[in-house]
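Note sheet for the following structure.
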Amino acid sequence: RGGEEEYHLSDKVRFAQPVGIAGTVGGELYAVDSESSSIRRVTLLDNSVSTAFGGDPLFRSDLSYFGDSTGLFGDFQGPSFLCKIDTRQFYLADTLNHRIKKVSANFPSVGVSLVAGSGERGYADGPLREAMFDEPSGVACDLTTQRVWVCDSNNHALRVIDLRDKTVRTLTLKNVPEAT
């Protein structure tokens, strides 16, 4: 966030619980730090780390800070995996907020926006903002079909976000042997 100190990897940098990472052109990595509810930017050119989105803006070691907001910095609660959709743009599973969000570090569209999920724990297909997830934990992107694939952990389901028709549906699989 603005004005935050940058640390070099060999100094004071600590991650609370890194669970996902994606690279960009130009030597940047974006790491999802679930326990601190933040996304950290790692710049490989100078080995520096800063918090790009989420987390406590004043006390970076405060792991109790979380929220559910969009906008310039956004807030998360226990985010997990992300997938890259463009240079410095990602889809993110905001796990404990039961939502999928888009994160952009591209100027001038920097910020966090809601993609899908009502924010209530549950199970419902339908329009993006009415669909319900129960701790989504993984995402994969298919830019050709404009779809985001979601592991909806506590619903034990694979879900599909169709960005063209703005809906969420459960993936139906056929001819899959039952688990033993």
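Pairs, please: C-beta under 8 Å, at least 6 apart or cross-chain, first residue without any contact (Cβ under 8 Å) to a residue 12 or more places away in the chain and closer than 18 Å to GLY119 by Cβ and in segment 65-87, second of a type in the set (Asp, Glu) and not in a strand (DSSP E or B)?
No pair meets every condition.
Kindly indicate whether any position in segment 58-72 is at pLDDT 85 or above, assigned to a loop (DSSP other than H, G, I, E, B) and either among the hydroxyl-bearing types (Ser, Thr, Tyr) or under 13 Å from the mean Cα position of the chain (by Cα) (or both).
No - not one qualifying residue is present in segment 58-72.
Please go through segment 1-40 and pick out each residue that is under 27 Å from SER137 (Cβ atoms), open to solvent by 30 Å² or more (accessible area, probe 1.4 Å), of a type outside the set (A, V, I, L, M) and modelled with pLDDT under 85.
Passing the criteria: ARG1, ARG14, PHE15.
Based on what the data block shows, is PHE66 under 29 Å from VAL168 (Cβ atoms) and open to solvent by 70 Å² or more (accessible area, probe 1.4 Å)?
Spelling it out, PHE66 is indeed under 29 Å from VAL168 (Cβ atoms) and open to solvent by 70 Å² or more (accessible area, probe 1.4 Å).
Answer yes if at least one residue in segment 102-121 is over 14 Å from LEU82 (Cα atoms), open to solvent by 20 Å² or more (accessible area, probe 1.4 Å) and of a type in the set (D, E, K, R), and no otherwise.
yes
Where the second residue is part of a loop (DSSP other than H, G, I, E, B) and among the charged types (D, E, K, R) and the first is over 16 Å from PHE81 (Cα atoms) and lies in segment 143-165, which pairs have Cβ atoms under 7 Å and are six or more apart or on separate chains?
GLN146/ARG164; ASN155/ASP134
Among the candidates ASP125, ASP75, ASP165, ASP86, which residue alone is acidic (Asp, Glu), open to solvent by 10 Å² or more (accessible area, probe 1.4 Å) and under 22 Å from PHE15 (Cβ atoms)?
After applying the criteria, what remains is ASP75.
The values are calculated or read from the model by the stated rules, or taken from the named source; none is laboratory data. Predicted, not measured: the structure shown is a model, and the values here were computed from it. As a convention, Cβ positions derive from the backbone with ideal geometry for all residues, glycine included, and neighbour counts pool all protein chains shown. Side chains are part of the model used for accessible areas, which takes the heavy atoms of the whole protein and leaves out ligands, DNA and RNA. Shrake-Rupley method; radii C 1.70, N 1.55, O 1.52, S 1.80 Å.
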